[in-house]
Amino acid sequence: MSTKRVHLIVRGRVTGVFFRAATQREARRLGITGWVKNRPDGSIELVGEGEEEAIKEIISWANHGPSAARVEGVDVRWRSYTGEFSDFRIVE
C-alpha cells in the first residue's frame with residue numbers, strides 16, 4: 001500500500017451538525033492523520049494522510065458525512081504525502 005495525502009472542501013449544510021467531530025472519529029478509525037476545520041464560508045476543510053484505501057474511504061464518507069449533514073459537493077485535491085501529522089485534530 002502507498003501513503004497518500006488529500007485536501008477536501010466539503011460544501012452544504014455541514015456546520016453545526018457535528019461534522020468535524022464525526023470526521024475526527026472516522027479518520028481515527030481509519031488510521032488517518034491530519035486535521036479538519038470550519039471555513040468562514042460555511043464549508044468544511046480537511047487535510048488527511050494515510051494509506052490509499054483509508055484515504056479513499058474518508059473521501060467516500062465525506063460525500064454524506066454524519067446523518068444531520070446535507071453534503072452538496074466535495075472538492076478533492078490529491079497532494080504529496082509529507083508525514084507531518086501525528087494524529088487527527090479539529091483545528092480552528
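The values are calculated or read from the model by the stated rules, or taken from the named source; none is laboratory data. Everything numeric in this text was worked out from a predicted model, so none of it was measured. Neighbour counts run over all protein chains shown; Cβ positions are idealised from the backbone, glycine included. For accessibility, only protein heavy atoms count, side chains too; no ligands or nucleic acids. Shrake-Rupley method; radii C 1.70, N 1.55, O 1.52, S 1.80 Å.
Here are a few things to note about the model shown:
- Count of residues meeting criterion [touching a strand residue (DSSP E or B) at 6+ places or on another chain (Cβ under 9 Å) and in contact (Cβ under 8 Å) with a residue 40 or more places away in the chain] in segment 48-59: 8
- Meets criteria (in contact (Cβ under 8 Å) with a residue 40 or more places away in the chain and not aliphatic (A, V, I, L, M)) for Arg25: no
- Applying the condition of being open to solvent by 40 Å² or more (accessible area, probe 1.4 Å) and of a type in the set (Gly, Ala, Ser) to segment 52-70 and asking which residue is nearest to Asp87 (Cα to Cα) yields Ser60.
- For segment 9-51, the set of residues classified as under 10 Å from Phe88 (Cα atoms), surrounded by 15 or more Cβ atoms within 10 Å (Cβ to Cβ) and of a type in the set (Gly, Ala, Ser) consists of Ala27, Gly34, Gly48, listed by residue number.
Conditions tested, residue by residue: (1) at pLDDT 95 or above; (2) among the acidic types (Asp, Glu); (3) over 15 Å from Ser2 (Cβ atoms); (4) touching a strand residue (DSSP E or B) at 6+ places or on another chain (Cβ under 9 Å).
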position	(1), (2), (3), (4)
Leu46	yes, no, yes, yes
Ala68	no, no, yes, yes
Val71	yes, no, yes, yes
Thr82	yes, no, no, yes
